Amino acid sequence: MTVFQLNGATTSTAVDGKLPLVHVLRNPCDAKDVRFGCGAGNCGACTVIVDGVAQQSCGLSTESIEGCDVFTPAALQSDPVGSVVLQAFLDEQAAQCGYCINGILMSLTALLKRELNPSKEKIIETLNRHLCRCGAHARILRATELAMHRLQAKG
C-alpha cells in the first residue's frame, strides 16, 4: 500500500510498488491530465510536481512517492503560481496540439515557485527536457515571460 497526497487529497493505492507512477496516476487514480508519452523519460509529457520538484512520472516508482505531495495539471487552476502560468499560456495561445503542454506547465510552475525571475537560459534548460513537435516554442517562451511579469507584479 502506497499512501501519498494527490492534488491535496490523501490517496492510497495497493499496486506493485515498482510500477511507474504514470500508470498509477492514470489508471487507479484516474488522473488523465497526466499524459503518457514515451514511457522512457525522454519527452516530458508525464511531468508532475513531487514535493515541489518537477519530475517525469514514468521514471518514478510508485513506492518512491510514499508520503509525498504529488500535483498534476488538474491542480494548476487552484495554485497561486500555476493559475498565473496557465492563464498566460491561454492568453498567448501557447499550446497547439496540447499533448506536451501539461508537462511543460508543470515544469514551469515548479521553476517559478522556486525562482520568480529565472534567466532565459534557466527557462530554456527547464524546457529542454520536453519535446514539442508543433513549433509553439516562441509562444511558450512568450507565455513564460508573461507569467513571470504577472507574478512579479503580484509579489
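Direction-averaged projected area, Cα convex hull, region 51-95: 3.9 nm², rounded to one decimal. Projected label points at Cys38 and Asp51, each 7 Å from Cα along the beta carbon direction, are separated by 2.6 nanometres. In vacuo Debye scattering of region 32-109, one point per C-alpha: log10 I(q)/I(0) at q = 0.19 Å⁻¹? Scattering profile of region 32-109, log10 relative to I(0): -0.76. With a 10 Å cut-off between alpha carbons and a GNM built on the chain, which of Asn42, Asn102, Asn27 moves the most? Sorting by GNM fluctuation, first place goes to Asn27. Based on every Cα atom in region 2-73, Rg and the maximum pairwise Cα distance Dmax equal 10.6, 29 Å.
Shape descriptor for the chain: Rg over Rh equals 0.97 (Cα atoms; Rh from the Kirkwood inverse mean 1/r).
The modelled label-to-label distance for the pair Asp16/Ala74, using points 7 Å beyond Cα in the direction of Cβ, is 2.5 nm.
Where in region 106-137 does the amide nitrogen come within less than 13 Å of the point 7 Å from the Cα of Arg150, taken along Cα to Cβ? Label zone hits: 109. Helix 137-154 and the longest principal axis of the C-alpha atoms of the chain enclose an angle of approximately 90°.
Among Cys68, Cys100, Cys134, rank each residue by its count of other Cβ atoms within 10 Å, from fewest to most, as a rough exposure measure.
Final ranking by Cβ density, sparse to dense: Cys134, Cys68, Cys100.
Once the Kirkwood radius over Cα pairs is known for region 75-154, the Stokes-Einstein relation at 25 °C and 0.890 mPa s delivers a diffusion coefficient of 200 µm²/s. Helix 101-114 and the longest principal axis of the Cα set of the chain meet at an angle near 80°. Which residue, Cys58, Leu21, Cys38, has the largest displacement toward the positive end of the dipole of the chain when charges sit on each Cβ (Lys, Arg +1; Asp, Glu -1)? Final value for the positive-end residue is Cys38.
Report the full-extension gain for the segment Ala9 to Leu141: residue separation times 0.36 nm, less the Cα-Cα distance, to one decimal in nm. Provide the component values of the computation, followed by the final result.
On the way: separation 132, 0.36 × 132 = 47.52 nm, distance 3.21 nm.
Going from the current span to full extension adds 44.3 nm.
With contributions of -39500 (n - 2.57) from each DSSP H run of at least four residues, the per-residue ellipticity at 222 nm computed over the chain stands at -11500 deg cm²/dmol.
Dipole size of region 1-148 about its Cα centre, with +1 on Lys/Arg Cβ and -1 on Asp/Glu Cβ: approximately 420 debye, rounded to the nearest 20. Largest GNM mean-square fluctuation across Leu108, Leu25, Leu60, computed for the chain with C-alpha springs under 10 Å, falls on Leu60.
Extending 7 Å from the Cα toward the beta-carbon at both Lys120 and Tyr99 defines two label points whose distance is 2.9 nm.
FYI, it's all coordinate maths here, none of it is from the lab. Worth saying up front: this structure is predicted, and the values here are computed from it rather than measured. Cβ: placed from backbone, ideal geometry, glycine included. Neighbour counts: every protein chain shown.
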